[in-house]
Amino acid sequence: MIQIRTLFKEDLSKVQSIAHRTWPSTFADILSPEQIEYMLNWMYSLEMLESQFEKGHTFLLAEENGEELGFAGFELNVAEGPKAKLHKIYLLPSSQGKGVGKALIFEVADRARKAGQKSLLLNVNKYNQKAIDFYLRVGFQEIYKEVIDIGNGYIMDDVVMELKL
């Protein structure tokens, strides 16, 4: 059975580890190896994760029989509404297609709803069709597209999606 628990600051290395084991295969056909490395070093440094934690981001870990399966990171009150934002959700390749992602999304949505949020937002790479299809299946809708300059000559070319709570 999948268990989902809230991570403490000292557990954030688990998030970093899962991201480093997931991104290369997730983005192999979408981003260059150099951009994957750049983004991992930027977005998943312990300093960045700890800074997000201190700013109020919540990190959840999905496990089964003590084995780490994936994580989600979200923040409340990021936009008028009030709206929550799912900043990160990644599953180890071996955990995909087993209901882990759905369990994490539903847990984030439930926590956001209980905190008075009206919807849950996320960004997804517009070329990550597998993820977009998953989000559509669990109830998200595309609301707009945006391009974000992340430095070093790289951009994030994203679809912004919303799940009404």
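The values are calculated or read from the model by the stated rules, or taken from the named source; none is laboratory data. Being a predicted model, the structure only gives us computed values, none of them experimental. Note that we place each Cβ from the backbone using ideal geometry, even for glycine, and neighbour counts take in every protein chain shown.
Some observations on this one:
- Qualifying residue in region 79-100 (condition: at pLDDT 95 or above and of a type in the set (Asp, Glu)): no
Table: residues versus (1) surrounded by fewer than 17 Cβ atoms within 10 Å (Cβ to Cβ); (2) at pLDDT 95 or above; (3) in a helix (DSSP H, G or I).
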residue	(1), (2), (3)
Lys14	yes, yes, yes
Ile18	no, yes, yes
Ser25	yes, no, yes
Leu31	no, no, no
Ile36	no, no, yes
Met39	no, no, yes
Met48	yes, yes, yes
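- Within the set Lys14, Lys55, the sole residue that is in contact with a Leu (Cβ under 7 Å, 6 or more places away or on another chain), over 20 Å from Gly153 (Cβ atoms) and among the basic types (Lys, Arg) turns out to be Lys14.
- The set of residues from region 1-12 being assigned to a helix (DSSP H, G or I), touching a residue at least 24 places away in the same chain (Cβ under 8 Å) and among the charged types (D, E, K, R) comprises Lys9, Asp11.
- Residues in region 133-165 that are touching a strand residue (DSSP E or B) at 6+ places or on another chain (Cβ under 6 Å), hydrophobic (A, V, I, L, M, F, W, C) and more than 22 Å from Glu34 (Cβ to Cβ): Phe140, Ile143, Val159, Val160, Met161, Leu163, Leu165.
- Any hit, region 67-76, residues being within 25 Å of Leu163 (Cβ to Cβ) and touching a Pro at 6+ places or on another chain (Cβ under 9 Å): yes
- The number of residues in region 150-165 being over 21 Å from Glu75 (Cβ atoms) and not in a loop (DSSP other than H, G, I, E, B) comes to 4.
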